[in-house]
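Quick notes on the structure that follows.
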Amino acid sequence: MSTIALDKGMRHGFSLAWRGILKIRKNPEQLMDVTIAPIVFLAMFTYLFGGALAGNTDAYLQMLVPGIMVMNILQASMTAGVQLNTDVSKGVFDRFRSMPIARSAPLIGAVLADIVRYVVCIMVLLVVATVMGFRVQTGPVELLVAVGLTIVFGLAFCWASVFVGMLLKTPQAVQGMMFVLIMPLTFGSNVFVGTSTMPGWLKAWADISPVSLMADALRGLLNGGAIAAPLTGSLIWMVAAVAVFFPLATWAYRKRV
Amino acid sequence: MSLAIRAEGLVKHYGETKALDGVDLEVPEGKVVGVLGPNGAGKTTAVRVLATLLRPDAGHATVGGHDVVKNPRAVRSLIGLTGQYASVDEDLSGTENLVLLARLLDHSRAGARARAAELLEQFELTDAAGRAAKTYSGGMRRRLDLAASLVGNPSVLYLDEPTTGLDPHARNEVWAVVRKLVANGVTVLLTTQYLEEADQLADTITVFDHGRVVAEGRPDELKRRVGGQTLQVRPTSLRDLDVVQRILGDLTGVRPTRDDDTGLLTAPVNDPVLLSTLVRKLDDAGITADELALRLPSLDEVFLALTGKQTEGSLA
C-alpha cells in the first residue's frame, strides 16, 4: 500500500472513529452495560466475601480493584465485535463499502473509538473504587502506566471480539458468546480469590492465565510489589493474542464485508 | 447511446439457491431501468453485484466502463447506493450522517458541513437535521437515505426497493426526488415489487423471476401483454353465479375466471365503459352484487401473464 493510500486509510479511520465516539455520547447506557457488571462484582465481592477472604474488606478491595480492571477491559473490548456486527447486519457497512474508501477504514475506526470507550470505562471504575475506599499506594506515574497498560491489553484482546463479531450472525449472539468466553476466563483466575485452594488443573491454568498475570501486574503497579514477572507474562499473552486473533479477525472481516 | 451499466451472464449461487442464474442487463446513460420481481427473485443480489458488494460466481459487469470485480474502486467513485433497508446510522443525526459520508469522500470539514446542509435543504430535512435518524418517520428516513447516497454526486444511482413499506404520501415524495435526479442526468437502476412504481419511474422494465430475466420492455409494452384492467363481480347470492358469469362473458368476450368458494368472477377488459354497462345489465336481470370493481393488473397478474405461473406469495 502506498503512503498516500495509507494516509487516506487512517484519515477515513479517524472519521469513522469520530462516528464511534458520537455513538458513545448518544448511547451512554450501552457503555454502562459493560461497566455495570464489573462494578456489581466489585461491590458484591468486597462486601459479601471480602471480610472472609482477606480478613477485612479494605484489604480485599486493594487486591480486587486491579483484577476488576482486567475484567472491565475485557467486557469493554467485547463491544467492538458487537458494534461491527450491528453495522453489518443493519446495512450501514454496505454504504461504507459502496464508497471509494479503504476496506480497512471501518475496522481502524472501530478500534480507535474503542480506546475512548476503554478510557471512560476505567475512569468510571476507578471513581467507584475510590468512593468505596480504594487508594493507589504508589504514585501518579504508576497509575498512568497501569491505565495505559490496561488499554493496550484491551486492544490486544479486542481482535478476539472482532473475530467472533464477524463469524456470528446477530449482535445478540456475539454478546452472548463473548459473555460465555469472558466469564470463565475472569473467574478462573486470581481476580477474586487466590489460586492456592483451587484444584490442581485449575490452579495450573489460573496461575498462567492472561487475566491473572495482568491482574498481578496491575497490583504491582497500583499497590506496590513485584511487577517484572507478571508484566512480562501479560505482554507475552498480548503479543500472542494479537498474533492469533488479528489475522483471524481480518480474515473473517474480509470474508464478511 | 452509451451504456452506464452492462451485465452479462451474471451468476450467483448460495448453496442450492440460484440467486442469479445468468442475468443480462443493460442500462443506457441517463435512463431509468426498473427491475421488477417478487421477494427472492434476485433483484437485490443483482444490485449488490453491480455495487461491488458481492462477487459474482460467473459472468461480468461494467459500470461506467469499469469492471465491478477488477476495478471496484473506480466503480465506487461513480455510484450511489440506497439499500432496501435504510442504511444510515440510526444513532446519528441527519447532519452527522451526511457530514460523516462527506468526510469519507474527502471533503474538508467546512466543505462536508456545507454539503450536508445543502442536501438536507434539498430533501426538506433541515428542520430535523439535528435529530437522531431513529426518530425520523419512514418517509424521512428514506429521504435521508437518498441524500446519503448522493453526497458524492454519483452518476449512477442504485435504488433497491426505495418505497417498500412507505405510505402513499411518502412514496410520492420519494418518486418526486427520483424524477428530479433523472432530470439532472443521473442514471438509475431501480428495483421494486410494485408494477405501478416501475410504471411511474422507469423508461424500461426488466422482470426477474428465480434469478432470471423473464421479460423486458417499456411499461406500456408489458402492460399490453398483461391485458390492461380487470373487472370483478361478486353477486350477493351464489345462485346468481351462472347468470352473472354468462353476462360478464358476453360483455367481455372472454370466459370469466370463477371462484366457487368466494363467488368472485373476474374477466380482463380493455374498455372501462364496460363497468357501467355491466351495472345496467345486472340491474335489468334484478341481480345485486356485493362487490363490483375495475382493477389495474397486480404484480401477481403480471407474473401470471409473463411467466405462466403464480408468484410464491399468491400461492400461499
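The values are calculated or read from the model by the stated rules, or taken from the named source; none is laboratory data. Please read these numbers as outputs of a predicted model, since none were measured by experiment. Here Cβ is always computed from backbone atoms with ideal geometry, including for glycine, and neighbour counts include all displayed protein chains.
In the range A:80-101, the residues that are facing another protein chain (nearest Cβ under 10 Å) form Cβ pairs under 7 Å with partners that are among the hydrophobic types (A, V, I, L, M, F, W, C) and surrounded by 23 or more Cβ atoms within 10 Å (Cβ to Cβ), at six or more places apart or across chains, as follows: A:D94/B:L81; A:R95/B:L81; A:R95/B:A148; A:S98/B:A51; A:S98/B:I79; A:S98/B:L81; A:M99/B:L104; A:I101/B:L104. Here A:T46 meets each of (1) polar (S, T, N, Q); (2) in contact (Cβ under 8 Å) with a residue 60 or more places away in the chain; (3) within 14 Å of chain B (Cβ to nearest Cβ) with one exception, condition (3).
Rundown of residues vs (1) under 19 Å from A:T150 (Cα atoms); (2) in a helix (DSSP H, G or I), yes/no style:
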residue: A:M198; (1), (2): no, no
residue: A:L202; (1), (2): no, yes
residue: A:W205; (1), (2): no, yes
residue: A:L221; (1), (2): yes, yes
residue: A:P230; (1), (2): yes, yes
residue: A:M238; (1), (2): yes, yes
residue: A:F246; (1), (2): yes, yes
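A count restricted to the range A:20-42 and to residues that are of a type in the set (A, V, I, L, M), away from every other protein chain (no Cβ under 14 Å) and surrounded by 13 or more Cβ atoms within 10 Å (Cβ to Cβ) stands at 6. Give A:I68, A:I122 a once-over and let me know the one that is surrounded by fewer than 23 Cβ atoms within 10 Å (Cβ to Cβ), β-branched (V, I, T) and at pLDDT 90 or above. Answer to the check: A:I122. Within this structure, B:R103 passes the test of being of a type in the set (K, R) and either buried (at least 17 other Cβ atoms within 10 Å of the Cβ) or over 28 Å from B:A4 (Cα atoms) (or both). Checked against (1) more than 23 Å from A:T195 (Cβ to Cβ); (2) surrounded by fewer than 17 Cβ atoms within 10 Å (Cβ to Cβ), A:D94 meets all criteria but (2). Could you check, for the range B:219-229, whether at least one of its residues is over 22 Å from B:L190 (Cα atoms) and charged (D, E, K, R)? Checked against the condition, which is being over 22 Å from B:L190 (Cα atoms) and charged (D, E, K, R), the range B:219-229 yields no hits at all. One residue stands out in the range B:69-99 among those that are crowded, with 23+ Cβ neighbours inside 10 Å and away from every other protein chain (no Cβ under 11 Å): the one that is farthest from A:N27 (Cα to Cα), namely B:L98.
Whenever a residue of the range B:104-118 is away from every other protein chain (no Cβ under 13 Å) and of a type in the set (F, W, Y), it has no partner that is outside any helix (DSSP H, G or I) and surrounded by fewer than 18 Cβ atoms within 10 Å (Cβ to Cβ) lying with C-beta atoms less than 6 angstrom away and at least six residues away or across chains. Just one of (1) assigned to a loop (DSSP other than H, G, I, E, B); (2) buried (at least 24 other Cβ atoms within 10 Å of the Cβ); (3) not acidic (D, E) fails for B:N39. It is (2).
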